[in-house]
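Next up is a structure, given as structure tokens.
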């Protein structure tokens, strides 16, 4: 490849150009796209999803599963995802970012808003402060019980509503 | 694989003199290390405890970009091409383009374009970031690289990109690109395209 | 500079394939070689993402419904 502009002309242009910033591209979107290409083991550590979002995501999936009275194996089987991944998600493993495909499958299976779920899981880095606050409230209030309590049901409803916005 | 495209000149704003620089196609470890050890510390200072608005104001919205990860993802893909500008043996600018996007302009809808996925100059060169920015011309050099690649690929000089807010004037006024307005599918960033006619004006 | 060197290859295409190649060449205002290059780039990119377990969809602009492009 060669430059199609003459060196002297290029110098002239640079001299005459207004002195301005030139940055272009996506600060957020590039992270999302790169997730989809880079080897998984290189993502953990580079991404560090926000803790309350990870807890909220794991809890949301757990409660959604328990609401349907299903085991982890059953969900993994029916949603066609890796059991190990689902365990890691529900365990709310710090720094763990699930595969975009897994999140897609979970969104379809539990009928949850996919875009919002991508943000909550950390697969997409987001600056959605509203979602982050909702996730923090949800993470703080939810607790592990055998049967969903009424307040857990309400909490679940609230966070799902936020994901759709 | 990294290869020299051309020797170019950058203007040292402090001395008012031009210095010799190199335009490369492809990155190597040096470029990535320069980004991590020289650009990032400066950008990170602004990133810590900054809201997106503060980052925008500090002209450091790319503080979370990671060129190594771009290289990891795209380095082996035929459809992506990297460019680097070096002077004083330091990376002064980086750019990644894609060859698979198409024009949105009526009259040339669907025509292949060189799409700038990301372009950035080192923080010490940015007028908005540094009180005494060093080298001028990195952006012009990289855009010329994109136009030249577009011509070589038979895309007739067409280039497209989404500008960060602080750069809109550069693309609209200095380069004379067509402003297609905010793109709702991409964070409402303004989408610009360079037509063949506009490209020809820039290379003369 | 090793990967800048170009090699020549002969393509054996059917009449139908050749017609498509010529049509795309005209439509995109690209040489036939440039069309093949674009196709190769697209194919490689698709393979990279499919290998990560992703699917390729087209989305209807009106209905926002996704239809699966390929089952592989």
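The values are calculated or read from the model by the stated rules, or taken from the named source; none is laboratory data. Note that the structure is predicted; figures quoted are calculated from it, not measured. Reconstructed Cβ throughout: ideal geometry from the backbone, glycine too, with neighbour counts over all protein chains shown.
Taking the stretch B:14-27 as the region of interest, how many residues are farther than 24 Å from residue B:147 by Cβ and touching a residue at least 24 places away in the same chain (Cβ under 8 Å)?
Going through the stretch B:14-27 one residue at a time, the tally reaches 1.
For residues in the stretch C:1-37 being part of a loop (DSSP other than H, G, I, E, B) and either closer than 25 Å to residue B:158 by Cβ or touching a helix residue (DSSP H, G or I) at 6+ places or on another chain (Cβ under 8 Å) (or both), which is farthest from the other protein chains (Cβ to nearest Cβ)?
My answer is C:13.
Can you tell me how many residues in the stretch B:123-142 are in contact with a strand residue (DSSP E or B) (Cβ under 7 Å, 6 or more places away or on another chain) and facing another protein chain (nearest Cβ under 10 Å)?
8
So how many residues does the stretch B:157-183 have that are crowded, with 21+ Cβ neighbours inside 10 Å and in a helix (DSSP H, G or I)?
Residues that pass the stated criteria total 4.
May I ask you to say which residue of B:197, B:193, B:154 is more than 9 Å from chain A (Cβ to nearest Cβ) and within 16 Å of the chain's Cα centre (by Cα)?
B:193
Does residue B:23 qualify as being crowded, with 16+ Cβ neighbours inside 10 Å and more than 18 Å from the chain's Cα centre (by Cα)?
Against the criterion (crowded, with 16+ Cβ neighbours inside 10 Å and more than 18 Å from the chain's Cα centre (by Cα)), residue B:23 does not qualify.
Of all residues in the stretch B:133-156, how many are assigned to a loop (DSSP other than H, G, I, E, B) and buried (at least 24 other Cβ atoms within 10 Å of the Cβ)?
2
So that you can scan it fast, the table gives a plain yes or no per residue for (1) away from chain B (no Cβ under 14 Å); (2) modelled with pLDDT of 90 or more; (3) in a loop (DSSP other than H, G, I, E, B); (4) touching a helix residue (DSSP H, G or I) at 6+ places or on another chain (Cβ under 8 Å):
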{"residue": "A:5", "(1), (2), (3), (4)": "no, yes, yes, yes"}
{"residue": "A:12", "(1), (2), (3), (4)": "no, yes, no, no"}
{"residue": "A:27", "(1), (2), (3), (4)": "no, no, yes, yes"}
{"residue": "A:31", "(1), (2), (3), (4)": "no, no, no, yes"}
{"residue": "A:38", "(1), (2), (3), (4)": "no, no, yes, yes"}
{"residue": "A:42", "(1), (2), (3), (4)": "no, no, no, yes"}
{"residue": "A:46", "(1), (2), (3), (4)": "no, no, yes, yes"}
{"residue": "A:56", "(1), (2), (3), (4)": "yes, no, no, yes"}
{"residue": "A:75", "(1), (2), (3), (4)": "yes, yes, no, yes"}
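A follow-up question, please. Go over the candidates A:65, A:111 one by one and state the one that is surrounded by 15 or more Cβ atoms within 10 Å (Cβ to Cβ) and either away from chain C (no Cβ under 14 Å) or on the phi < 0 side of the Ramachandran plot (or both).
Step by step, each of A:65, A:111 is checked, and only A:65 is surrounded by 15 or more Cβ atoms within 10 Å (Cβ to Cβ) and either away from chain C (no Cβ under 14 Å) or on the phi < 0 side of the Ramachandran plot (or both).
Tell me which of these residue B:59 doesn't satisfy, since it passes every other one: (1) in contact with a helix residue (DSSP H, G or I) (Cβ under 6 Å, 6 or more places away or on another chain); (2) within 9 Å of chain A (Cβ to nearest Cβ); (3) modelled with pLDDT of 90 or more.
(3)
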